[in-house]
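The values are calculated or read from the model by the stated rules, or taken from the named source; none is laboratory data. All of these numbers come straight from a predicted model, not from anything done at the bench. Here Cβ is always computed from backbone atoms with ideal geometry, including for glycine, and neighbour counts include all displayed protein chains. Side chains included, ligands, DNA and RNA excluded: accessible areas come from the protein's heavy atoms. Shrake-Rupley method; radii C 1.70, N 1.55, O 1.52, S 1.80 Å.
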Amino acid sequence: MTSTVVVQGQPTSTRVPPPARAARRPVNWRVTIILIIGGLYCVLPALWILIAATKTNAQLFSTPPYVPSSLKSFGSNMSGIFSWNGHIFFRWWLNSLIYAAGGGILSTIIAGMAGYALGKYEFPGSRVIFRIIVAAVLLPQILLAVPQYLLLAKFGMTNSYESVILPQLVSPFAIYLCKIYAEAGVPDEIMEAVRIDGGSEYRIFWSVGSRLMLPALVTVLLLQFIAIWNNFLLPFVMLNNSSLYPLTLGLYGMIQPTGGQPNEYSLVIAGVFLAIVPLAILFLSLQRFWRIDLLSGGIKS
């Protein structure tokens, strides 16, 4: 790189040295080792399920845990879980999808609207409502299962799809997350600009607020979907018809000893493997919506 300098009326060229490269930070091996251990802690259970799905019942207890058996056993386990008890696994899988997708989408809409209202508007009782929501976050949901059952039983709504979906529509943590994100991610200037253009408050939320809150809404949808998909206690309390069981309750019933029949551990593990696949697909497909700097450059100060 060169620059021109004028000396006594005559331009001369001087060479400016290139900027020095930033020094690379030394690798913190302690942090790296801790992260590797944490990653293995999360991955090893899923890896064990994949490997165990390739084994028979006898091989589960007679072979090393992380040594696969054969693809033939894997295919036998898959065909066995699909055909078990009149192909009821497909029914359980569909039930889990109905519970998780229906409850997740509806709870995300409710959390987004409630969080947006609490974060962007001041109305009588808004602070009290928010404090109650924060307190409800600390309340274990397991304590509400029996009261929810007694309440729905009075309306004759137990042992149905509604009995599993309705109690999970309102998530205090999801509302709290949307409220915090709405305060930080939805600028008042944009809302005021839409008002000046004649937009109603409903249009501000659906056209502007919901789009700016998309990362939070996607996060809530993912958390709610996973929570409902993996929920065991609520269906266990609400349902007594096997045709309404989700995967968690159905697979649990398969390992209960009934009529002197051997426990189908290998088939259950195959069912658990198939239950994990939709969660992995959902997580990978929604990951692109997470943008920390979504509003970067949107408003200039």
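Of the residues making up the range 69-76, not a single one is within 29 Å of residue 245 (Cα to Cα) and in contact with a Pro (Cβ under 6 Å, 6 or more places away or on another chain). Check the range 227-239 and report whether any residue there is open to solvent by 40 Å² or more (accessible area, probe 1.4 Å), without any contact (Cβ under 8 Å) to a residue 24 or more places away in the chain, closer than 30 Å to residue 87 by Cα and part of a helix (DSSP H, G or I). Checked against the condition, which is being open to solvent by 40 Å² or more (accessible area, probe 1.4 Å), without any contact (Cβ under 8 Å) to a residue 24 or more places away in the chain, closer than 30 Å to residue 87 by Cα and part of a helix (DSSP H, G or I), the range 227-239 yields at least one hit. Comparison of 279, 284, 294 shows that the only residue that is more than 28 Å from residue 150 (Cα to Cα), within 16 Å of the chain's Cα centre (by Cα) and modelled with pLDDT under 85 is 284. Taken as a whole, the structure places residue 224 among residues that are open to solvent by less than 50 Å² (accessible area, probe 1.4 Å) and either on the phi < 0 side of the Ramachandran plot or touching a His at 6+ places or on another chain (Cβ under 7 Å) (or both).
The residue of the range 165-189 that is farthest from the chain's Cα centre (by Cα), among those that are among the β-branched types (Val, Ile, Thr) and more than 30 Å from residue 239 (Cβ to Cβ), is 186.
Checked against the criterion of being closer than 26 Å to residue 284 by Cα, open to solvent by 50 Å² or more (accessible area, probe 1.4 Å), among the basic types (Lys, Arg) and outside any loop (DSSP other than H, G, I, E, B), the range 204-218 contains one or more residues that satisfy it.
Looking across the range 59-92, the residues that are assigned to a helix (DSSP H, G or I), open to solvent by 70 Å² or more (accessible area, probe 1.4 Å) and over 18 Å from residue 274 (Cα atoms) come down to 61, 62. Looking only at residues in the range 27-57 that are of a type in the set (A, V, I, L, M) and not in a helix (DSSP H, G or I), the one that is farthest from residue 269 (Cα to Cα) is 27. Give the range 98-107 a look and list any residue that's open to solvent by less than 60 Å² (accessible area, probe 1.4 Å) and touching a Phe, Trp or Tyr at 6+ places or on another chain (Cβ under 9 Å), or say none. Of everything in the range 98-107, those that are open to solvent by less than 60 Å² (accessible area, probe 1.4 Å) and touching a Phe, Trp or Tyr at 6+ places or on another chain (Cβ under 9 Å) turn out to be 99, 100, 101, 102, 103, 104.
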